[in-house]
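Trainee: Submitted below is the structure of interest, expressed as structure tokens.
The values are calculated or read from the model by the stated rules, or taken from the named source; none is laboratory data. These numbers come from a predicted model, not from an experiment. Quick reminder, even Gly has a Cβ in these numbers, built from the backbone with ideal geometry, and neighbours come from all protein chains shown. To get the accessible areas, we keep the full protein, side chains included, count just its heavy atoms, and leave off ligands, DNA and RNA. Shrake-Rupley method; radii C 1.70, N 1.55, O 1.52, S 1.80 Å.
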Amino acid sequence: MKTRKIVMIGMLSALAFLLQVIGSIISLKVAGFLEIEFSDLPAIIGTLAYGPVAGVIIEFIKNLLHTFITSTGFVGELANFVMNGIYVFTVGVIYKYNKTKVGAFIALGIGTLAMAIGGAFANLYIMLPLYMSSAPFMAKLNLVLFTITPFNIVKGLVTAVITILIYKRISPLLKDK
């Protein structure tokens, strides 16, 4: 990996962490634990610029740093990493083979669907059993179907729209052009 790429991934990770901290202070919460915040934008931008692994690394570093200042017992960070890791990886793999504006739209749309579907299974069978171990399965299923999945779809689409609006403007800075 080139030095510039490593530095940019580090800077995007730091920016993602900063946005996550700010977002946890001034965010809109859904169901008490789902936050609409913009810390995923640096990871998506890093994915488009440097590929799917870069986006996953940015998500990992962001969430690892956040574990030191949170009270979720790592479950919140694990959920954030899994959902957004699925999103950025999917976007990166698809965009890697079609680096056009249409390719970006398709990648972000499929990434949103992958996050919603993967997130539904991960929440139902991993996150919620860790977070709500005594809750009945049907309560968890209802939460996933009627709160978490719609939230992930909206969050993915909002992130996609913002990414489309800003990526081309800042990509020259990332690519040193």
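Trainee: Using beta carbons and a limit of 8 Å, which pairs, at least six apart or on different chains, have the first residue in the stretch 1-22 and open to solvent by 80 Å² or more (accessible area, probe 1.4 Å) and the second one among the acidic types (Asp, Glu)?
Mentor: 4/176
Trainee: Yes or no: residue 87 part of a helix (DSSP H, G or I), farther than 20 Å from residue 38 by Cα and among the aromatic types (Phe, Trp, Tyr)? Write out each step before concluding.
Mentor: Numbers: part of a helix (DSSP H, G or I): yes; farther than 20 Å from residue 38 by Cα: no; among the aromatic types (Phe, Trp, Tyr): yes.
No.
Trainee: Can you pull out every residue in the stretch 60-93 that is surrounded by 22 or more Cβ atoms within 10 Å (Cβ to Cβ), closer than 17 Å to residue 15 by Cα and of a type in the set (A, V, I, L, M)?
Mentor: Within the stretch 60-93, just 88 meets the criteria.
Trainee: In this structure, does residue 125 turn out to be in contact with a helix residue (DSSP H, G or I) (Cβ under 6 Å, 6 or more places away or on another chain), hydroxyl-bearing (Ser, Thr, Tyr), at pLDDT 90 or above and assigned to a helix (DSSP H, G or I)?
Mentor: When the stated conditions are applied, residue 125 does not pass them.
Trainee: What are the residues in the stretch 156-167 that are in contact with a helix residue (DSSP H, G or I) (Cβ under 8 Å, 6 or more places away or on another chain) and either open to solvent by 50 Å² or more (accessible area, probe 1.4 Å) or not β-branched (Val, Ile, Thr) (or both), if any?
Mentor: Passing the criteria: 156, 157, 160, 166, 167.
Trainee: Pick from 48, 64, 78: which is modelled with pLDDT of 95 or more, in contact with a helix residue (DSSP H, G or I) (Cβ under 8 Å, 6 or more places away or on another chain) and not in a loop (DSSP other than H, G, I, E, B)?
Mentor: When all the criteria are applied, what remains is 48.
Trainee: When the stretch 62-94 is examined, which residues are found to be aliphatic (A, V, I, L, M) and over 12 Å from the mean Cα position of the chain (by Cα)?
Mentor: Once the filter is applied, which keeps residues that are aliphatic (A, V, I, L, M) and over 12 Å from the mean Cα position of the chain (by Cα), the stretch 62-94 yields 64, 65, 69, 75, 93, 94.
Trainee: State the number of residues belonging to the stretch 133-153 that are without any contact (Cβ under 8 Å) to a residue 24 or more places away in the chain and either open to solvent by 60 Å² or more (accessible area, probe 1.4 Å) or in contact with a Ser or Thr (Cβ under 6 Å, 6 or more places away or on another chain) (or both).
Mentor: Summing the residues that are without any contact (Cβ under 8 Å) to a residue 24 or more places away in the chain and either open to solvent by 60 Å² or more (accessible area, probe 1.4 Å) or in contact with a Ser or Thr (Cβ under 6 Å, 6 or more places away or on another chain) (or both) in the stretch 133-153 gives 7.
Trainee: For the stretch 140-177, which positions are within 20 Å of residue 50 (Cβ to Cβ) and polar (S, T, N, Q)?
Mentor: 159, 163, 171
Trainee: Also, I was wondering about something else. For residue 125, indicate whether it is open to solvent by 20 Å² or more (accessible area, probe 1.4 Å) and aromatic (Phe, Trp, Tyr).
Mentor: Considered against the rule, which asks whether it is open to solvent by 20 Å² or more (accessible area, probe 1.4 Å) and aromatic (Phe, Trp, Tyr), residue 125 comes out as yes.
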